[in-house]
1. Using θ = phi - 60° and the Karplus form 6.51 cos²θ - 1.76 cosθ + 1.60, what ³J(HN,Hα) does each residue of the stretch 180-193 get, whole Hz, x for Gly and Pro?
2. Could you list which residues have their amide H under 5 Å from that of Phe515, counting only those 5 or more apart in sequence or on another chain, with H placed in the peptide plane?
3. The stretch 29-55 to the stretch 128-198: how many Å between their Cα centroids?
4. Specify whether the C-alpha gyration tensor of the stretch 177-271 places it in the rounded, prolate or oblate class, a ≥ b ≥ c being the square roots of the eigenvalues: rounded for a/c under 1.5, otherwise prolate if a/b is larger than b/c and oblate if not.
5. List the residues, sorted by chain then number, that are 5 or more residues from Leu471 or on another chain and whose placed amide H is less than 5 Å from its amide H.
6. Let me know the charge dipole size of the chain about its Cα centre in debye, to the nearest 20, where only the beta-carbon of Lys, Arg (+1) and Asp, Glu (-1) is charged.
7. What shape does the stretch 217-315 take by its C-alpha gyration tensor, where a ≥ b ≥ c are the square roots of the eigenvalues and a/c under 1.5 counts as rounded, a/b above b/c as prolate, and the rest as oblate?
8. Whole number please: convex hull volume per residue, Cα atoms of the stretch 287-434, in Å³.
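Where a number appears in this text, it was derived from the coordinates with a stated rule and is not lab data. All of these numbers come straight from a predicted model, not from anything done at the bench. Don't worry about glycine lacking a Cβ; one is built from the backbone with ideal geometry, like all the others, and counts go over all protein chains shown.
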Amino acid sequence: MAEKKWWSDGVIYQIYPKSFQDSNGDGIGDIPGIIGRLDYLKDLGIKGIWLSPVYRSPQDDNGYDISDYQDIDPMFGTLSDMERLIQEAGKRDIRIIMDLVLNHTSDEHPWFQEAKKSKDNPYHDYYVWRDGEEGVLPNDLKSAFSGPAWTYVPELKQYYFHQFSVKQPDLNWENEKVRQAIYEMIRWWMDKGVGGFRLDVIDCIAKEPDRMITGNGPRLHEFIRELSRETFQRDSQILTVGETWGATPEIAKKYSNPDGSEFTMVFQFEHSGLDQEGGCKWDLAPLDFRKLKQVLAKWQKELHGQGWNSLFWDNHDLPRIVSRWGNDKEYRVESAKMLATVLHGMEGTPYIYQGEELGMTNVQYSLEEYRDIELLNLYKERKAAGYPEEEIMESIYAKGRDNARTPMQWDTSEHAGFTTGTPWIKVNPNYTKINAASQIADPDSIFSYYKALVQMRKDHTVFQNGEFTLLFAEDPDIFAYVRENDEEKALVFCNFHETTRDVEVPEGFAEEELFLCNYKERDLGTLKPYEARIYLKKKG
Ligand code: NOJ
């Protein structure tokens, strides 16, 4: 029998360290702050923490610009704080998943500092350079954060390539030395006892900019297999999750091949782009709900037995799901629970992004109150292109990454208990109403509901490996599916919208088999606004 992996029934919680818990009053979350909140996470029942980057970094992109992979940024603490976090989490059966940013470093990384000194510096070839004249770019490739993907270094008469900010030069994976240096660094973290890694924009590492290839380059899987062989495969219980914006199910089957040759799972984003016009996240469109069901069902079917899904609505780059596809006003509680139900009933490993378990919402700040480089660049770019102010702000309110980055709302004290100082980004003013303290002990809270879902996945194998069948595929409101294995059968039956819907429970499930519901009372033959139910029965 195949060895059981801890993530087959475990849920992961993502921490964005800057915004989770400050312990020293400087307004920035830190590692000791996280340690102080481990019991909260233990209570929620999660088995792993994905920690967004805490390495040394000038913070141009909040830590996704690393200047030392083997040290902790002083604003987050020290390496010994990190070691203590790994240990303290371990005592609570929680593993720490580090965020590995391997596509690029910071321009302040010693490798880049050396690389830009001269063309014959041993580190020059750690990055991607092209000869050229000032003002004549090698090509039209754009940075994901606006502007060109090339920046000129006059002393070298060369451009360096950066898919993200100018302060995030792309590493050259064609260079064997780069790859070996990375593997060594990963083994060092594995020796420290981390439980896994999330691999930032990993599908971009095999770029071939001369052929305009950024994602899914020809050597991508060769590189990943080598990476996996040299590092992760030393320990079969290391979780690895690749961030892959360009994955199709076919590609994801390679990435998460059960033979363990690449990763254990990937984040794919097909569902996440269904409320945008064309390829641009800032161009808003209403959610195509039927398409959402189709897309999620496709991934469930395709990866069953042949790969492994990561299940998520939220992360630090996405707006809050309750504001996005739920209703963050009169049905905030109901819709947050419904969205959680739809997600946690599926096959794969669910991820909860900090505050999602409380139903935290998006914000609408004035421009000066935002901090994110992507958002601020977008504003400038669209302003210069003549977009009306209101339209730009609408996009920012809907999709800006700072929606997810406001401080965690712990209690009703000043700054929501996040800090005693001035928070680096303003706290969502609704913290007096939405906070952990008011939810932990309340059996009807969103927090308690998440707790029940997390426990459900541990107790019932059908949620770990049951086959998935979508029901009501064409229905404009109902999201329903069945999961079934040899032992159990479950029905997830949800109203995705705020209109009451007349609809019968699909045959074969009875009221006494109701396992979980977000309403105390149910009506026969209808689902209330955002009503979510799970029915569960033993077979034979
Ligand atoms: C994806 C990360 O999730 C995002 O926050 C970051 O800006 C880019 N990769 C660049 O590292």
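1. 5, 5, 5, 4, 4, 4, 5, 4, 4, 5, 5, 5, 7, x
2. Here the answer is Ile534, Tyr535, Leu536, since their amide H atoms fall under 5 Å of that of Phe515.
3. The two parts, judged by their Cα centres, are 30 Å apart.
4. oblate
5. Ala480, Tyr481, Val482
6. My answer is approximately 780 debye.
7. It comes out prolate by the Cα gyration axes.
8. That works out to 139 Å³ per residue.
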